[in-house]
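The values are calculated or read from the model by the stated rules, or taken from the named source; none is laboratory data. None of these values were measured; they are calculated from a predicted model. When we count neighbours, we look across all protein chains shown, and the Cβ atoms used for this are built from the backbone with ideal geometry, even at glycine.
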């Protein structure tokens, strides 16, 4: 997968702005909702065993809650070449989780319902865990997970996740975005 460098994107900004103004980014509207999560794999395995034996939903919920951390939902800025990056403290350590969402129309063309029409809008999400906060989780670097998807009115959910070992324990760390969040019942 090719990710454009910031130098390339800067050089292309003026010509792309003209194209953007001429054609607009009709698919990139609405309100996406994203959240970051951390799942302790050993605790989740114990939680599943507890859930099998539990006699109440409260006991199951308590066991599952101890195994996961779900950070507050955030709304990335939707628009051409918009990057939203959030940072979170990794539970029980000094590490930092960096999660990014990026919208573009430059890297992934796909066909819509009509074979003759194509869309270039896409959404990238990325997550990484490091000793310090990163400027972006979608830049080329070792240890990050990145996902890209065609972004249009049919895009539902997208997730990037990775397994990391922290202080001798295995965790699943991820970012998930709901691209139909504004259509959810309130």
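When you scan the stretch 92-101, do you find a residue that is exposed (fewer than 13 other Cβ atoms within 10 Å of the Cβ), at negative phi and modelled with pLDDT of 95 or more, even just one? Even if it seems obvious, please write down each step before you answer.
Of all residues in the stretch 92-101, those exposed (fewer than 13 other Cβ atoms within 10 Å of the Cβ) come to 94.
Then keep just the ones that are at negative phi; that gives 94.
Applying the additional criterion that residues be modelled with pLDDT of 95 or more yields 94.
So far as the stretch 92-101 goes, yes, one or more of its residues are exposed (fewer than 13 other Cβ atoms within 10 Å of the Cβ), at negative phi and modelled with pLDDT of 95 or more.
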For the list (1) part of a helix (DSSP H, G or I); (2) out of contact with any strand residue (DSSP E or B) (no Cβ under 9 Å at 6 or more places or on another chain); (3) at pLDDT 80 or above, I need the number of the one condition that residue 8 fails.
(3)
Assess whether residue 135 counts as being at pLDDT 90 or above, crowded, with 18+ Cβ neighbours inside 10 Å and under 27 Å from residue 89 (Cβ atoms).
no
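In the stretch 152-165, which residues are within 13 Å of the chain's Cα centre (by Cα) and closer than 18 Å to residue 84 by Cβ? Don't jump to the end; show me each part of the working.
First, pick out the residues of the stretch 152-165 that are within 13 Å of the chain's Cα centre (by Cα): 156-162.
Of everything in the stretch 152-165, those that are within 13 Å of the chain's Cα centre (by Cα) and closer than 18 Å to residue 84 by Cβ turn out to be 157, 158, 159, 160.
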Pairs, please: C-beta under 9 Å, at least 6 apart or cross-chain, first residue over 23 Å from residue 124 (Cβ atoms) and in the stretch 169-186, second assigned to a strand (DSSP E or B) and modelled with pLDDT under 95?
169/40; 170/40
Given the criteria in a loop (DSSP other than H, G, I, E, B), surrounded by 13 or more Cβ atoms within 10 Å (Cβ to Cβ) and at pLDDT 95 or above, does residue 160 qualify?
no
